[in-house]
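**Student:** Quick one: this structure, given as structure tokens, is what I'll be asking you about.
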Amino acid sequence: MKYSRIDKYIYDCKVCPTRCDGISKEHYIFKDDVSFAEEHENIIINKLKDKGFNAKKCELKGYPDIEITKENKPHSFIEVKAQRRTFMSVERLLPKSKLTPSETVALNLSDLLRYFKIYNENKIPVYIVWCLQNRPCIVPDNETKYFIQDIKILQDIYSKNNYTRVFRRKSGVGDVVDGVHKGVVVNYHFSLKELILWKP
């Protein structure tokens, strides 16, 4: 697997000719996001298997999406997050975060806290992978880029920044599935500079 550090993923959205404003605004299609994430879970699992890892869909309730085993015991976990919308208002709504739209990625706050707990209780490595699309300044059209980070580092970032990076959005079209609100509305935000570009 190949990794590279991200140092320059900050672009001035105010002068961008292909601004991301309006993409899926107030339309958060939960089923589409799930399908997209599951598609890339399978891609990642297959790539890990090709490289000799024992990777499979995790069956433990509340745990990350992918489980890597060694000698029939959990070795590490990977959570796969779909990221196809850009938080264009992050500078206005979260000014203390010091994040810009082009670099910002999100993760459900409750998931993040649960993964902290899983790692702290079991000391089994947990990694979060963001699958990025629809951000022309970073990902070419019709492509997907993967950004990964160790939960230990994300926990340090969370401890340092605390709630300056938390945002609760309004519910939108597609959040409710079969009468149940399933869409994520409270997110924690990270910078691509804090992640690693990953080629599984």
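The values are calculated or read from the model by the stated rules, or taken from the named source; none is laboratory data. All figures in this text were calculated on a predicted structure; none of them were measured in a lab. Counting neighbours? That spans all protein chains shown, and the Cβs are built from the backbone with ideal geometry, glycine included. We work out accessible area using only protein heavy atoms, side chains counted, and drop any ligands, DNA or RNA first. Shrake-Rupley method; radii C 1.70, N 1.55, O 1.52, S 1.80 Å.
**Student:** Find the strands (runs of 3 or more DSSP E) located wholly in segment 150-200 whose residues include 1 or more that are surrounded by fewer than 17 Cβ atoms within 10 Å (Cβ to Cβ) and at pLDDT below 85, and list them.
**Tutor:** Those strands (runs of 3 or more DSSP E) span 166-168.
**Student:** Across segment 99-124, what is the number of residues that are open to solvent by 30 Å² or more (accessible area, probe 1.4 Å) and free of Cβ contacts under 8 Å to residues at least 60 places away in the same chain?
**Tutor:** Count: 9.
**Student:** Using the structure shown, decide if GLU71 is of a type in the set (Asp, Glu) and at pLDDT 95 or above.
**Tutor:** no
**Student:** Please enumerate the residues belonging to segment 103-127 that are farther than 13 Å from GLN149 by Cα, touching a helix residue (DSSP H, G or I) at 6+ places or on another chain (Cβ under 8 Å) and hydroxyl-bearing (Ser, Thr, Tyr).
**Tutor:** Residues satisfying the conditions are THR104, TYR119.
**Student:** Say whether the condition of being at pLDDT below 95 and in a strand (DSSP E or B) is met by at least one residue in segment 89-103.
**Tutor:** no
**Student:** Now a separate question. Determine, yes or no, whether TYR127 is open to solvent by 10 Å² or more (accessible area, probe 1.4 Å) and in a strand (DSSP E or B).
**Tutor:** So TYR127 passes the test.
**Student:** To continue, here is another question. Report yes if some residue within segment 63-83 is in contact (Cβ under 8 Å) with a residue 60 or more places away in the chain, of a type outside the set (D, E, K, R) and farther than 17 Å from VAL129 by Cβ; otherwise report no.
**Tutor:** no
**Student:** Taking TYR146, is it part of a strand (DSSP E or B), under 17 Å from ALA37 (Cβ atoms), open to solvent by 60 Å² or more (accessible area, probe 1.4 Å) and of a type outside the set (S, T, N, Q)?
**Tutor:** No: the conditions fail for TYR146.
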